[in-house]
Amino acid sequence: MPNRLELLGRHGLDPFTSGIDSGEIWPDSIAPFLQDAHADPDGFLSDLHALVAADHGGFATFGASRLVWELYGGEALDNPAAWPLIDAGINFKRARGLPTANLTGYEMQRLTQRPS
């Protein structure tokens, strides 16, 4: 799973030059998690967070953030169990010095929601 998340993270950050085929993202990095993610969202999110804890803000962490959005869409912004993963994705981008313009709409929305 960490390898799938890393691929999703690398592709999510730069889909054009990552060298990762976009056609592989859905079947390899998103679809395998649909059933578990919807059967027990809070449990899945907790397990996902624990899985990337050792990644320390790397591409697997960013991939987990992207996976949350792909699986739950806007509902993720209403689920406190998703917030640490979304926040980690935002922090990943900010640590790389990316401007606010590089944040997605949901990342900007979460940025305005979270405490300073």
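The values are calculated or read from the model by the stated rules, or taken from the named source; none is laboratory data. Nothing here was measured: the structure is a model prediction, and the numbers come from that model. With ideal geometry, Cβ positions are generated from the backbone for all residues, glycine too; neighbour counts draw on all protein chains shown. Protein only, heavy atoms only, side chains kept; ligands, DNA and RNA dropped before computing areas. Shrake-Rupley method; radii C 1.70, N 1.55, O 1.52, S 1.80 Å.
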Of the GluC sites (Glu not before Pro) in the range 39-116, those whose Cβ has at most 11 other Cβ within 10 Å and which sit in DSSP loop: none
Ellipsoid equivalent to the chain - semi-axes via the Cα gyration tensor, in Å: 19, 19, 13
For S18, residues with placed amide H under 5 Å, excluding near neighbours: none
J(HN,Hα) series, the range 62-71, from Karplus relation 6.51 cos²θ - 1.76 cosθ + 1.60, nearest Hz, glycine and proline x: 5, x, 4, 4, 5, 4, 4, 5, 5, 7
Karplus-derived 3J(HN,Hα), 6.51/-1.76/1.60, for each residue of the range 39-44, Hz, glycine and proline x: 6, 8, x, 5, x, 4
HN-Hα J in Hz across the range 21-34 - Karplus 6.51, -1.76, 1.60, θ = phi - 60°, x for Gly and Pro: 5, 4, x, 8, 5, 4, x, 9, 10, 10, 3, x, 9, 3
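Using a 1.4 angstrom probe, figure out how much accessible area the chain has per residue, in square angstrom, rounded to the nearest whole. Before the final figure, lay out each step's value.
Numbers: 6230 Å² over 116 residues.
Dividing the accessible area of the chain by its residue count gives 54 Å².
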Value at 222 nm in deg cm²/dmol, rounded to 500, when DSSP H runs of n ≥ 4 in the chain each add -39,500 (n - 2.57): -17500 deg cm²/dmol
Cα centroid of the range 80-106 to Cα centroid of the range 1-39, whole Å: 17
Whole-angstrom Cα spans of the range 54-105 along principal axes, big to small: 28, 28, 16
Share of carbon and sulfur in the accessible heavy-atom surface of the chain [1.4 Å probe, %]: 52
Most mobile of L48, L34, L77 in a GNM of the chain (Cα contacts under 10 Å): L34
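Which of the chymotrypsin sites (Phe, Trp or Tyr not before Pro) across the range 6-52 are loop residues per DSSP, with 13 or fewer other Cβ within 10 Å?
F16
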